[in-house]
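In what follows, a single structure is set out as structure tokens and then discussed.
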Amino acid sequence: MLNVQGLDRITFDPNVMGGKPCIRGMRVTVGTVVGLLASGVDHEAILAAYPYLEAEDIRQALAYAA
């Protein structure tokens, strides 16, 4: 499993979600998190829907997408 330099919560593993960038090796992709934010879902709602995520996961997903 690889991660992005400076973004230690963004991982790539060819065996998880086809190698898409994921949050901490889980089956939650950066694209899922960024898509939810883009559609107007706020941080608190994302954290409630995905209780195993942390606020830093969301911040790093946005940083990676940028």
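FYI, it's all coordinate maths here, none of it is from the lab. Quick caveat: nothing in here was measured; it's all calculated off a predicted structure. Cβ placement follows ideal geometry from the backbone for every residue including glycine, while neighbour counts extend to all protein chains displayed.
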| remark: So Arg59 and Val4, fully extended at 0.36 nm per residue minus their Cα-Cα distance, gain in nm 18.4 nm
| field | Computed helical MRE - 222 nm, the chain, DSSP H runs ≥ 4 contributing -39500 (n - 2.57), nearest 500 | value | -11500 deg cm²/dmol
| Which of the following values of Rg/Rh (Cα atoms, Kirkwood Rh) was calculated from the structure shown: [x] 0.91; [y] 0.99; [z] 0.94? | [z]
| said: List the residues, sorted by chain then number, that are 5 or more residues from Ile10 or on another chain and whose placed amide H is less than 5 Å from its amide H. | reply: Val4, Arg24
| request: Determine the sum of side-chain charges near Ile58: Lys and Arg each +1, Asp and Glu each -1, restricted to other residues whose C-beta is under 13 angstrom from that of Ile58. | output: -2
| remark: Simple spin-label estimate for His43/Lys20, 7 Å along Cα→Cβ, in nm, reads 2.4
| request: Sort Arg59, Arg9 so that the residue with the fewest other Cβ atoms within 10 Å of its own Cβ comes first and the one with the most comes last. | output: Arg59, Arg9
